[in-house]
Amino acid sequence: MAILPLVLSPDPRLKEISKPVKQVDDDLRAFMDDMLETMRTCDGLGLAAIQVGRPVRILVMDIARGSQRYDPDAYDETATDPLFLVNPEIIEQSDELFTFDEGCLSFPGQFAAVKRPKRVKVKYLDYHGKQRELEAEGLAAVCVQHEIDHLNGITFVDHVSRMKRDLILRRMKKRERYEDTAS
Ligand code: NI
């Protein structure tokens, strides 16, 4: 397995719309394993393929493990993490909303409160290409919606006020300039 370099804001690739996967094969599984390793190394809850520069509709999630950072008692031994979702699609969502202070591996150190449906049902292909459905609530629902957004070129800052978004984007541009001069 390998740790892949992350695509960081303001990289324009984060606005790309990712393409559906035609076939889940060994090459793709090797890529998904690399995505998982990358996400775990960076301490993320979820990662979309475009965040490592590949515009395909794949995401990985690791909720049971990651949620402990928010609530040490939240670890769910029965959770089927990690989850690999290929061509995920939201097929149902609740009217009830849920607000969570979201971050993103492509926006290191930046957080903003985002309001989204509290429960969603998602259909997807799993690691073996089998059709499945996931019912997610709370943090898992936040995560799967945030990652599906990435597949459509949307990031969490697109869900906040213009003022907050501009502030975060300015910080990311400043960071990029700093990294350029530092390297
Ligand atoms: Ni993200």
Residue list for region 79-104, filter: of a type in the set (Val, Ile, Thr) and more than 14 Å from the chain's Cα centre (by Cα): Thr80, Ile90, Ile91, Thr99
Residue ID - farthest from the ligand (Cβ to nearest atom), chosen from residues in region 150-161 that are of a type outside the set (Phe, Trp, Tyr) and in contact with a strand residue (DSSP E or B) (Cβ under 8 Å, 6 or more places away or on another chain): Val160
The listed residue being over 19 Å from Asn87 (Cβ atoms), in contact with a strand residue (DSSP E or B) (Cβ under 9 Å, 6 or more places away or on another chain) and not acidic (Asp, Glu), out of Lys174, Lys164, Lys123: Lys164
Residues of region 8-35 classified as in contact with a Leu (Cβ under 8 Å, 6 or more places away or on another chain), of a type in the set (A, V, I, L, M, F, W, C) and within 15 Å of the ligand (Cβ to nearest atom), total: 1
Any hit, region 127-144, residues being assigned to a strand (DSSP E or B), more than 25 Å from Leu28 (Cα to Cα), touching a helix residue (DSSP H, G or I) at 6+ places or on another chain (Cβ under 8 Å) and more than 16 Å from the ligand (Cβ to nearest atom): no
Residues being touching a residue at least 40 places away in the same chain (Cβ under 8 Å), buried (at least 16 other Cβ atoms within 10 Å of the Cβ) and either in a loop (DSSP other than H, G, I, E, B) or touching a strand residue (DSSP E or B) at 6+ places or on another chain (Cβ under 9 Å) (or both) - total across region 1-34: 12
Hits in region 133-183 (condition: at pLDDT below 95, under 18 Å from Leu105 (Cβ atoms) and acidic (Asp, Glu)): Glu176, Glu179
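The values are calculated or read from the model by the stated rules, or taken from the named source; none is laboratory data. Fair warning: this is a prediction, and the values are worked out from it, not measured in the lab. Positions of Cβ are generated from backbone atoms using ideal geometry, with glycine treated the same way; all protein chains shown enter the neighbour counts.
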